[in-house]
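Visitor: Have a look at this one.
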Number of protein chains: 2
Amino acid sequence: MPVTTRHDPSHREALWELESAFDRGALITVFGACSVEYRGRAASSLGPGDRLLILKPDGAALVHTDEQRTPVNWQPPGSTHHAAVRDGRLRVRSERSSPDETLIVRFSTVHQLSAMAVTGGRDLAVTGSEADLRRRILADPALIEPGFEPTAIERDSAAGPMDVFGVDAAGTPVVLELKRRRVGPSAVSQLGRYVDAVAEERSAAATADDPDSDDPDAADSGTAADASDTDRVRGILVAPSITDRAAELLADRGFEHVALDPPAPAGDDTGADDTDADDADTDDVDADDAPSS
Amino acid sequence: MPVTTRHDPSHREALWELESAFDRGALITVFGACSVEYRGRAASSLGPGDRLLILKPDGAALVHTDEQRTPVNWQPPGSTHHAAVRDGRLRVRSERSSPDETLIVRFSTVHQLSAMAVTGGRDLAVTGSEADLRRRILADPALIEPGFEPTAIERDSAAGPMDVFGVDAAGTPVVLELKRRRVGPSAVSQLGRYVDAVAEERSAAATADDPDSDDPDAADSGTAADASDTDRVRGILVAPSITDRAAELLADRGFEHVALDPPAPAGDDTGADDTDADDADTDDVDADDAPSS
DNA sequence: TTGTTCATCTCGTCG
DNA sequence: CGACGAGGTGAACAA
């Protein structure tokens, strides 16, 4: 029996079912009228209403209303669920530590409680990620510009690891920051941090190599403006597109933008029409739902 | 009847129920063995397994496994759900445009289908947000430093709106960037963008006011280093704490950190123990669940 | 619609 | 654990 369900159980009955479902490691749904309190990283209060509570065997808890993709309240995986009947009412509490967080759902009525035995794969294969974009570039560096040569990926710097590091045709170091979608100002700043870090590295190495140049004050500037041309580090933002503001910031810093999409996952076959071979009119039935908005 | 449920329905029966539930604007859960395909901003494929599909009347769709807070697959609100029986199997497709996205769930078995009539409030009152932190500062600006005076909130700049803008005791302009939790490098960059924008504004205004200073090249530097002291703009990052790397970047830019938490929502009463008055031993029952990790 | 930022972001990965 | 960045981020809000 992959699922057991109780309709309009008493609060006591609901508790017994929960207890049993916890033991079995089931995925639990509780639909009922409830109020919800949360306290932890922030604090929140949700007044009475019908909601769907989902309790997962990994400790995750979700409270869903009839709207939104995001739960109104939740608890992350790793939490511990407690159920009790208090004052005759079912109460579910989910707690975790570090950070200390508590979610409490108080039911006034339980309409339905289900416990489901979940099996099977949860490995999702996604394409179109930033990693895919990187593979695309490494496979054909000329997509960035003729003569570009990647020398490292995830190369570390004082500001963190850079997506792609390399040199251009003239031997000038180049930092690439990759984004799978249109970018705003923050991506430019991120690129800037990496470029500054590399420029800093190089100017430090240069002064160490060359005892003649003792110019400590001038050396600590991190901007491209006052770096000599030989010390220049290029920054290229690789993304499908860029906002106006980001473009301004990019220009201010003397960085560049290369428009590039993550590789398309080939033909648009969601199987919408032709996966099951027979696409003629069959006795298949259909039902539609347009959102009421 | 707030809930209707079908156990092990035929695929045809499941379709009828879905059709009816769509019409009623119900919150639908379907538990069964299925595969899931997504294509849109990215693309993904999920092999066979038992999952819980949730269809909301606002067009949201969620596919949940027994793990994680985040659904393995989903569709945002505003999507349109279609159900059909194809090749004898229930298939649910959810689509939306801009961006074009399609989610397809193909069931091999439907264990349970429920339709719930959801009513009641979904207004969540949250405390401890960045807005609360801002209110706290505006109520007592001395928390930043003696003599600090806020002059504007969400004041716009070329780099976007600043959380709080003001002047210090010496009349020097100050930009505050607020964060409700510990911050890393990106917050420093964000603050930097605003400070640069204000400094730019002021230097532009100064050259406009003063016809003597025609020094177009020197004026376009955005760093604090070469700005004269009278043109200086202070940047203060207000957050509970800050990472080491962020502290370095902050120092590089000559910015400051003020340690400040969002206001605590008073006593830690999640109602865990004493909300229902009687906290003596009653005949209340308990059940626990520790995550199996 | 697009742009920008906050979020109890969540999630992975790497020291 | 903490730090850092990606994400089909989602969601609110302003232009």
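Visitor: Can you work out the PRE-style zone for B:S97? Point 7 Å along Cα to Cβ, and I want the residues of the range B:66-91 with backbone N under 20 Å.
Guide: Zone members listed by number: B:75-83.
Visitor: Another question, then. Which of the lysines could a cross-linker bridge to B:K179, judged by Cα under 24 Å and excluding same-chain residues fewer than eight apart?
Guide: Output for B:K179: empty list, no partners.
Visitor: Set Lys and Arg Cβ to +1 and Asp and Glu Cβ to -1, take the dipole of the range A:3-116 about its Cα centre, and tell me which of A:Q68, A:T109, A:V36 lies farthest positive.
Guide: A:V36
Visitor: What nm distances, shortest first, do you get from the label point of B:E19 to those in the other copies when the point sits 7 angstrom along Cα to Cβ?
Guide: 4.4
Visitor: Next question. What distance in nm separates the two pseudo spin-label positions at B:S20 and A:R136, each 7 Å out from Cα along the beta-carbon direction?
Guide: 4.8
Visitor: May I pose another question? What fraction of the Cα pairs in the range B:3-116, stated in percent, has a spacing above 24 angstrom?
Guide: On the way: 1015 of 6441 pairs.
Above the 24 Å cut-off, the range B:3-116 has 16 percent of its Cα pairs.
Visitor: Determine, for each peptide in A:171-178, A:189-196, B:5-12, the mean count of other beta carbons within 10 angstrom over its residues, then list the peptides with the highest first.
Guide: Sorting A:171-178, A:189-196, B:5-12 by mean packing, highest first, produces A:189-196, A:171-178, B:5-12.
Visitor: Closest approach to the A-B rotation axis by any Cβ of A: residue and distance in angstrom?
Guide: Closest to the rotation axis on chain A: A:S189, 2.
Visitor: If you don't mind, there's one more thing I want to ask. In nm, one decimal, shortest first: how far is the label point of A:A139 (7 Å from Cα along Cα to beta carbon) from the matching points in the other copies?
Guide: Between copies, matching label points for A:A139 lie 5.7 nm apart.
Visitor: If you put a point 7 Å past Cα along the Cβ direction, how far is that point for A:P240 from the same point in each other copy, in nm, smallest first?
Guide: Sorted ascending, the copy-to-copy spacings read 3.5 nm.
Visitor: Sort out for me the Cα centre separation of the range A:3-19 from the range A:150-208, rounded to whole Å.
Guide: 58
Visitor: Right, another one. Count the net charge of all other residues whose Cβ sits under 12 Å from the Cβ of A:V110, scoring Lys and Arg as +1 and Asp and Glu as -1.
Guide: +2
Visitor: Using 0.36 nm times the number of residues separating A:V258 and A:E145, minus their current alpha carbon distance, what extension gain do you get?
Guide: Working: separation 113, 0.36 × 113 = 40.68 nm, distance 0.87 nm.
39.8 nm is the gain from fully extending A:V258 to A:E145.
Coordinate-derived values only; no laboratory data. The structure presented is a predicted model; accordingly, all values stated were derived computationally and were not measured. In this analysis, Cβ positions are derived from the backbone assuming ideal geometry, glycine residues included, and neighbour counts consider all displayed protein chains.
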